[in-house]
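Novice: Take a look at this one; I'll ask things after.
The values are calculated or read from the model by the stated rules, or taken from the named source; none is laboratory data. Remember, it's a predicted structure, so these values are computed and weren't measured experimentally. When we count neighbours, we look across all protein chains shown, and the Cβ atoms used for this are built from the backbone with ideal geometry, even at glycine. We work out accessible area using only protein heavy atoms, side chains counted, and drop any ligands, DNA or RNA first. Shrake-Rupley method; radii C 1.70, N 1.55, O 1.52, S 1.80 Å.
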Amino acid sequence: MLSDLDLVREFVSNSIQKKDILLANRSLTAQTVYKTNRLATKAEGVIATAQLNTTQTEFLILSNSSHWELLNQALPESNYLLKGNIDSSSFYHYQHCEIPKGYKLQCTKSVFLWRAWWKYRKNTLQLGIPLDILIQTRDSWYPITDLNISDGLLSVKTLANEREIYADDLVIWLSKISH
């Protein structure tokens, strides 16, 4: 029997390839209904959808689903990023994004970005701009030049701008793949 994560990955893969799907395990059901791949649970109903009759695949993910973290893990693995805010139906929109070669996409609570920054911080003491961690600003990827935390608020500086992010907010970033 497929694990929840494996079933979610199959849902994502089939949707990207514009293929119909019919899979289930104890907690999730993935099926195609009227040219839309849907992922559902018995308790929550539909928690994710992807239209098969569109040029660009876009995923809609229920923001308060108990399986949201699994979806948020599987979608970045296929280079799909959270775009914009929650819509009026409480769904997040995920769209495909080009990732620079040599980097891994991360979509985490900002606290994980802070942890990663401190791990790579030693590189900022060297000359030049550290390229271990990049963050998206204005649809481009920029290296973080400084990151501070105070009272649950992260202050992230890049070459493009400075922004503040709450510790529980989601942030999209790239980490350099180590060889």
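Novice: Condition (residue is under 23 Å from Gly45 (Cα atoms), surrounded by fewer than 17 Cβ atoms within 10 Å (Cβ to Cβ) and more than 19 Å from the chain's Cα centre (by Cα)) applied to region 144-152: is it met by at least one residue?
Specialist: Just the residues of region 144-152 that are under 23 Å from Gly45 (Cα atoms), to begin with: none.
Looking through region 144-152, none of the residues is under 23 Å from Gly45 (Cα atoms), surrounded by fewer than 17 Cβ atoms within 10 Å (Cβ to Cβ) and more than 19 Å from the chain's Cα centre (by Cα).
Novice: Please indicate, with yes or no, whether at least one residue in region 126-146 is among the polar types (S, T, N, Q), touching a helix residue (DSSP H, G or I) at 6+ places or on another chain (Cβ under 8 Å) and free of Cβ contacts under 8 Å to residues at least 40 places away in the same chain. Can you show your working first?
Specialist: Step one: filter region 126-146 for residues among the polar types (S, T, N, Q), giving 126, 136-137, 140, 145.
With the extra rule that they be touching a helix residue (DSSP H, G or I) at 6+ places or on another chain (Cβ under 8 Å), the set shrinks to 145.
Pick out the ones that are also free of Cβ contacts under 8 Å to residues at least 40 places away in the same chain and you get 145.
For region 126-146, residues among the polar types (S, T, N, Q), touching a helix residue (DSSP H, G or I) at 6+ places or on another chain (Cβ under 8 Å) and free of Cβ contacts under 8 Å to residues at least 40 places away in the same chain: present.
Novice: Taking only region 44-70 into account, find how many residues are more than 20 Å from Asp169 (Cβ to Cβ), open to solvent by 50 Å² or more (accessible area, probe 1.4 Å) and without any contact (Cβ under 8 Å) to a residue 12 or more places away in the chain.
Specialist: 2
Novice: Just to check your reading of the model, which residue among Pro130, Pro76, Pro100 is touching a strand residue (DSSP E or B) at 6+ places or on another chain (Cβ under 9 Å) and at pLDDT below 85?
Specialist: Working: Pro76 fails: at pLDDT below 85; Pro100 fails: at pLDDT below 85.
When all the criteria are applied, what remains is Pro130.
Novice: Only one of Asp168, Asp139 is open to solvent by 80 Å² or more (accessible area, probe 1.4 Å) and on the phi > 0 side of the Ramachandran plot. Can you tell me which?
Specialist: Working: Asp168 fails: on the phi > 0 side of the Ramachandran plot.
None of the other options fit; the residue is Asp139.
Novice: I've got another one for you. Going through Lys157, Lys109, Lys119 one at a time, which residue ends up being closer than 28 Å to Ser15 by Cα and among the basic types (Lys, Arg)? Working first, answer last.
Specialist: On the way: Lys157 fails: closer than 28 Å to Ser15 by Cα; Lys119 fails: closer than 28 Å to Ser15 by Cα.
Lys109 is the lone residue from the list that is closer than 28 Å to Ser15 by Cα and among the basic types (Lys, Arg).
Novice: Pull up region 18-43, narrow it to residues that are among the polar types (S, T, N, Q) and open to solvent by less than 50 Å² (accessible area, probe 1.4 Å), then point me to the one that is farthest from Leu2 (Cα to Cα).
Specialist: Going residue by residue through region 18-43, those that are among the polar types (S, T, N, Q) are 25, 27, 29, 31-32, 36-37, 41.
In the following step, the residues that additionally are open to solvent by less than 50 Å² (accessible area, probe 1.4 Å) were identified as 25, 27, 32, 36-37, 41.
Values: Asn25: 6, Ser27: 10, Thr32: 18, Thr36: 21, Asn37: 18, Thr41: 15 Å.
My answer is Thr36.
Novice: Please pick out the residue among Tyr103, Tyr80, Tyr94 that is touching a helix residue (DSSP H, G or I) at 6+ places or on another chain (Cβ under 6 Å), of a type in the set (Phe, Trp, Tyr) and open to solvent by less than 50 Å² (accessible area, probe 1.4 Å). Break it down into steps so the answer makes sense when it comes.
Specialist: Numbers: Tyr103 fails: touching a helix residue (DSSP H, G or I) at 6+ places or on another chain (Cβ under 6 Å); Tyr80 fails: touching a helix residue (DSSP H, G or I) at 6+ places or on another chain (Cβ under 6 Å).
The unique qualifying residue is Tyr94.
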